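Each value in this text was obtained by applying a stated rule to the coordinates, not by laboratory testing. All of these numbers come straight from a predicted model, not from anything done at the bench. Neighbour counts run over all protein chains shown; Cβ positions are idealised from the backbone, glycine included.
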Amino acid sequence: MALKLELDQEKLDYVIRHALVEDIGRGDITTQLTIPKEKVVEARIVFKEDALLCGIQVAEKVFKTIDSTIKFKALAKEGAWVKKEKTIIRLSGKAASILSAERVALNLLSMLSGIATKTKEYVEHIEPYKTKISDTRKTLPGLRELQKYAVRVGGGHNHRMGLDEMILIKDNHIKVTEGYEKLPSVPKGFKIEIEVQNLDEFRHALYFKPDVIMLDNMSLEDIKEAVKIRNHTEFKSHHLPTKLEASGGVDFSTVKKIAAAGVDIISIGALTHSVKAVDMSLDIL
C-alpha cells in the first residue's frame with residue numbers, strides 16, 4: 001500500500017483513446033463545419049471551485065493525442081490546492097484540435113481532481129491518527145488505474161488493484177465453502193486478508209494469523225473490542241502483527257471515531273464510486 005504517484009502509461013493511453021473514440025465518433029461535425037482548419041487560438045482551463053488538482057499529465061495526453069502540435073503549459077502542480085477562478089492550464093494551437101479534445105480532457109481532469117479532493121479531506125480529518133485511508137475495488141469500469149492514482153495524489157492508499165493481487169476471503173467465499181477450518185496454501189509473495197462481520201468470526205480468523213482482517217460493517221464498540229483482542233498479550237506470540245481494516249458504512253461523520261479506535265486501515269468505497277467532479281471550464285481567449 002505504498003504511495004506511488006506514477007501512472008501506467010499503457011493503461012492511460014488505452015483509456016484516453018477509447019474515451020476520444022466514444023466522444024468524437026466519426027468526427028466533430030460542429031467544429032468541422034464552423035472552424036477554419038488552420039485557425040490558431042489560445043485557451044485556458046479554470047477551476048470554478050477550491051479543490052485539489054489531479055490529472056495534469058492526463059489532460060496533456062488527451063490534447064497531444066488529438067494534435068501533437070498543441071502547446072500545453074501547466075500553471076499549477078499536480079497535487080496542489082487550487083483556489084476558485086485559478087487558471088491551471090494554458091493552451092495554444094489549432095482551434096479545431098482544442099475544441100475536439102476539450103470534453104474528454106475536462107471529464108477526466110474534473111473526475112480525478114474530485115477523487116483527490118475527497119481523499120485529502122478524509123486524510124486530513126483523521127489526523128493525527130496513523131490510520132491509513134484506503135480505496136476499494138468499487139471503481140468505475142475501465143477507469144480503475146486513473147481513479148486509484150487520484151486516491152494516491154490525495155494522500156490515500158490503494159487496496160488491491162485487482163483480484164490477482166492478493167487473497168481476500170470474503171463472506172461469499174465462506175458461504176460457498178460453508179466455513180473454513182484451514183486457509184488455502186498461499187503462493188509466495190501474496191498477502192492474505194479475511195473478512196469478518198462479528199467478533200466470533202474475528203476471533204476465529206485471528207488464530208489463522210492472516211496479514212489483514214477486514215472488520216466489515218461492524219459497530220464502533222465491536223471495532224474497539226477487536227482492536228483490544230488483537231493487542232492482547234495472548235496473541236503477541238504470533239510475531240505477525242495482523243492489521244485491522246475497517247470497512248463498510250464509513251462516512252465523514254464516523255471516520256475519525258473509527259481511526260481513534262486503533263484500526264490500521266479504513267477503506268472507503270465512496271472515494272471512487274460516488275465521485276463529485278470538480279467544476280472547471282475551458283475558455284477560448
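Observations, loosely collected:
- The GNM of the chain, with springs linking C-alpha atoms under 10 angstrom apart, assigns the highest mean-square fluctuation among 267, 247, 92 to 92.
- Cα centre as origin, Lys/Arg/Asp/Glu Cβ charges: the chain dipole, Debye: 740
- Ordering 168, 242, 96 by the projection of their Cα atoms onto the charge dipole of the chain, which places +1 on the Cβ of Lys and Arg and -1 on the Cβ of Asp and Glu, puts 96 at the extreme positive end.
- Placing unit charges on the Cβ atoms of the charged side chains and taking the dipole of the chain about its Cα centre, the candidate lying farthest along the positive direction among 57, 143, 69 is 69.
- Cross-link table 84/132; 84/276; 132/243; 191/243, entries beyond 19 Å C-alpha to C-alpha: 84/132
- Compared with the alpha-carbon gap, the fully stretched path from residue 48 to residue 24 is longer by 6.1 nm at 0.36 nm per residue.
- Residue with peak Gaussian network fluctuation, the chain [Cα springs, cutoff 10 Å], from 65, 177, 254: 177
- ³J(HN,Hα), Karplus 6.51/-1.76/1.60, whole Hz, each residue of the stretch 81-91, x for Gly, Pro: 7, 10, 7, 3, 6, 7, 7, 9, 9, 10, 10
- Computed magnitude of the charge dipole of the stretch 127-273 (debye, nearest 20; Cβ of K, R +1, Cβ of D, E -1): 460
- Sequence-distant residues sharing a close amide H with residue 40 (under 5 Å, placed H): 95
- Taking a ≥ b ≥ c as the square roots of the eigenvalues of the Cα gyration tensor, the stretch 127-273 is classed as oblate, since a/c reaches at least 1.5 and a/b does not exceed b/c.
- Of all complete DSSP H helices in the chain, those with a Cα span along the helix axis of 15 Å or greater and a mean Kyte-Doolittle hydropathy of 0.5 or more are 56-66.
- In the chain, helical runs assigned H by DSSP with n ≥ 4 each contribute -39500 (n - 2.57); averaged across all residues and rounded to the nearest 500, the mean residue ellipticity at 222 nm is -12000 deg cm²/dmol.
- Cβ crowding within 10 Å ranks 137, 152 as 137, 152, fewest other Cβ atoms first.
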